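Worksheet for the structure shown next.
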Amino acid sequence: MNDKWIKAAPWLWTIGLFVIWQAAVAALKLPVYILPAPTDIFASLIQYWHPIWKNSLQTLFTTLLGFGLAVVGGLLLGLAIGWSRAVYAGLYPLMIGFNSVPKVAVVPILVIWFGIGTIPAVITAFLIAFFPIVVNVATGLATIEPEMEDVLRALGAKKLDIMLKVGIPRSMPYFFGSLKIAITLAFVGSVISETVAANSGIGHMMLAAQSQFNVPLVWAGLVALAVLGIVMYALMAWIELRMTGWAHRGANRP
Amino acid sequence: MSGFVDLRNIRLTYGGGPDGTLALDGLDMTIRKGEFAAVVGPSGCGKSTLMKLATGLMRPQSGTVEVAGKEVNGPVSIAGMAFQNPSMLPWRTTLQNVMLPLEIVQPHRRKLSKERAAYLQKAEDLLSLVGLKGFGEKFPWQLSGGMQQRANLCRALIHDPALLMLDEPFGALDAFTREELWQVMRDLHAEKGFTTILVTHDLREAVYLADRVFVMSARPGRVILEKQITFPRPRPIDLTYEADFNDIVHELRGYIAEARAAA
């Protein structure tokens, strides 16, 4: 009985939020341009489903492309940093500095280089998603138990052996864990870039709707973003569980 | 006289330079082939450093380390090692963990894929020898601490090392499990005849298992006493409750207390 309630809880809470929202808008008689009621947003979603769908696909495309590049780049650089203390010492401060730059500030430069549209969105997604992957992979490699390393080195293991047998498998839970963060960030990057410099994508659509004072459509855009975000996060969480089940011993084990 | 493991006039400083910590100074130790040696001493006396020296993971500033008649210049690969932390890899089954050294040490590494069945059999045999028959397919985190430590011993022995180095392997276990594993260790040594160096805090463990106990001084460590243990083998566990056994433990304890006071 209890389990059933826990399973239903996410749905109940979501529905509850929308019900309270609807009631509050009705009770306070809020005008639609301040806060549209969920029913207004839903109506807008249906009315504009075609542009919302098209622009969602564009945002999804730039996000996934940027994310894919971040996975490849982040994995390679993470392995390099975790491998060598010299690379770590040299690159880490640079990485911190690079990561502290708000990525929205980079978009104007990208526009100068590549014009507006898909490419700046992909690159922004890549830039923002890249860092957590690097840090997590490098952490996994850098935290090999010294005893384990001694056992293997005493057997004559080379650095490559230790990395292949211990380091890389060991950093995989960190890597797959970081994908959940990275995909969310990549999404943020895409939308930021679309809002500043694009002629398609959900970010662009919301900006256009705002300039026409179509507030329900702006909110419908937000809902579309939330749905996309949840789906991608859930996908990453599923991949994580499938790939590194050994790290989730106990109740969560598939 | 030269033995299987020969440490002569070793001096080793941690941290390098003149202001580093002097860990070992004037250490001499000779261990014969097939002998079971135990090293005891006050904490921080450089016992664990000794293991790294004998396996070639560390080089002394001066003095020589010889293993099997050859001067040690790098990792020796005829050694197996086990620590207090079993450090099993959680993504491998117990059997796969035990077989890990075979994927690294030559000539096994070369032969592993061709003679997989024979090696698997060997690993299974070793597991049953330590009482883990049928647990090979379990993941290490499904085993108790004592069972993990048994698997750890198997991993240290799978490539038939001529030298086994143990650094407090039973330190984290409860008293009963520890006694069980002493007997496992006793039987493994009797069957395989490898040379063993056991570093431990536990004097009863040292006296029960070893042919010779080396007592080290406080830092900088050197050997202050070699004690031959002459109880006949195989030694029953009840031996550890007999008077002459306890006399030796007591005597060793006196030396260590002295070494601590001198520090």
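Rule-based calculations on the coordinates, nothing more; no lab input. All figures in this text were calculated on a predicted structure; none of them were measured in a lab. Counting neighbours? That spans all protein chains shown, and the Cβs are built from the backbone with ideal geometry, glycine included.
The table for this structure:
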| read-out | value |
| --- | --- |
| Some residue of the stretch A:141-154 being under 26 Å from B:L53 (Cβ atoms), acidic (D, E), facing another protein chain (nearest Cβ under 9 Å) and assigned to a loop (DSSP other than H, G, I, E, B) | yes |
| Filter result (surrounded by fewer than 19 Cβ atoms within 10 Å (Cβ to Cβ) and under 18 Å from B:A218 (Cα atoms)) within the stretch B:1-34 | B:N9, B:R11, B:T13, B:Y14, B:G20, B:T21, B:L22, B:G26, B:D28 |
| Residue match in the stretch A:230-238 (condition: of a type in the set (G, A, S), surrounded by fewer than 20 Cβ atoms within 10 Å (Cβ to Cβ), within 27 Å of A:Y33 (Cβ to Cβ) and away from chain B (no Cβ under 14 Å)) | no |
| Candidate set: the stretch B:209-247, residues that are touching a Phe, Trp or Tyr at 6+ places or on another chain (Cβ under 9 Å) and part of a helix (DSSP H, G or I); chosen: the one nearest to B:T49 (Cα to Cα) | B:L209 |
| Any pair with Cβ under 8 angstrom, 6 or more apart, that starts in the stretch A:155-171 at a residue that is more than 24 Å from B:I78 (Cα to Cα) and facing chain B (nearest Cβ under 9 Å) and ends at one that is part of a helix (DSSP H, G or I) and not hydrophobic (A, V, I, L, M, F, W, C) | A:R170/A:G140 |
| Only one of A:A37, A:A8 that is under 19 Å from A:A220 (Cα atoms) and aliphatic (A, V, I, L, M) | A:A37 |
| Count of residues meeting criterion [assigned to a helix (DSSP H, G or I), of a type in the set (A, V, I, L, M) and free of Cβ contacts under 8 Å to residues at least 24 places away in the same chain] in the stretch A:1-46 | 15 |
| Test set (1) within 16 Å of the chain's Cα centre (by Cα); (2) away from every other protein chain (no Cβ under 12 Å) - B:F135 fails condition number | (1) |
| Qualifying residues in the stretch B:35-52 (those that are outside any loop (DSSP other than H, G, I, E, B) and in contact with a Lys or Arg (Cβ under 7 Å, 6 or more places away or on another chain)) - the one surrounded by the fewest Cβ atoms within 10 Å (Cβ to Cβ) | B:A37 |
| The stretch B:73-99 residues that are more than 8 Å from chain A (Cβ to nearest Cβ) and touching a residue at least 60 places away in the same chain (Cβ under 8 Å), paired with ones that are basic (K, R) and surrounded by 23 or more Cβ atoms within 10 Å (Cβ to Cβ) (beta carbon under 7 Å, 6 or more apart) | B:V98/B:R155 |
